[in-house]
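Okay, so here's the structure we're looking at.
FYI, it's all coordinate maths here, none of it is from the lab. The structure presented is a predicted model; accordingly, all values stated were derived computationally and were not measured. For neighbour counting, all protein chains shown are included, and Cβ atoms are generated from backbone atoms with ideal geometry for every residue, glycine included.
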Amino acid sequence: MALIGACSSSPRPGGTANNAATNTTTTTLPPVLGPLRLTSQQPVSAVYAQGVARVPDGWIFSGTNSLWRTDNALDEVTSLNPALPPALTARGFDHIGDIDVIGEYIYAPLEQPDYAKGMQGTARFDRKTLHFVDFVRLAQHENSFVTIDPKTMVAYTMDHFDGNALLRYDVAHGWKRLAPLRLSMTLHHTQGADILNGVIWISTSDPQNHLYGIDERTGKVRPDGSMGHTGGNGEGEGLDATALASGSVHTICVDPKINPVWFEHYRVGRA
């Protein structure tokens, strides 16, 4: 793994200087699984078309090479465009996927388009200013999302958009590769993910824009919903899982006509 920092004193991504020490033991509480019920959806800017993550006073959205921070009313507070620094674009990185926010940092999965190289990466940006902090290179073919369990600082992603395993990394120890989490079924066109209450929620851009819940302990997969907006250019994108009045799962889905992008909110519970 190679690290690029904004300056020589930049901390390592997820380093123990800024995060609690990690272990690989997941929560012992039973995961909260169940069907996802749409509570509301709202149109947002068509540029918010890659990822979403909750912050205490609003949201972070990602585009192909941009980041935006909004308040709770979705009014823009600040933005960074382009978001990728020249040192990374010179290496071919041209795409930001579905992001996560842990502590003071945005964790952003980055891709360069030659998947055969088996080399992608994840960058950190400052949560408040959106300024680039540093980057770690990872031996992956694709990298559409990253989500991190804040209790263990274990990161989850996928090697390919289709697959039956989640890659895992020990973030606090230099993104050390851990054994993958094997899934009970193959997922297709995965785009986003986030963790809440022992469940890894996954969004896809398969033909139905499916949403899945995965038991973080066992890898058991439940098909728990669909974002709709199928056909044409409709495409499921990023996902955030935060318990709010609007629901616990929040997704980004591109309209079949491309504009608008739909910001959707779901509750977890019985149908």
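Points to keep in mind about this one:
- Count of Lys pairs (Cα-Cα under 25 Å; at least 8 positions apart or interchain) in the chain: 5
- Alpha-carbon centroids, region 149-193 and region 74-96: separation in whole Å: 23 Å
- Amide H contacts under 5 Å for Val32, placed H, 5+ residues apart: Val199
- Considering only alpha-carbon pairs that sit under 8 angstrom and 6 or more positions apart, the relative contact order computed for the chain is 21 percent.
- One compactness figure for the chain is 0.92, namely its Cα radius of gyration divided by 2.2 N^0.38 Å.
- Distance between the 7 Å Cα→Cβ label points at His131 and Leu178: 3.2 nm.
- When the trypsin sites (Lys or Arg not before Pro) in region 84-170 are filtered for DSSP coil states and for at most 13 other beta-carbon atoms within 10 Å of their beta-carbon, the remaining sites are Lys128.
- Extension gain, Lys257 back to Met185 (0.36 nm per residue minus Cα-Cα distance, nm): 22.8 nm
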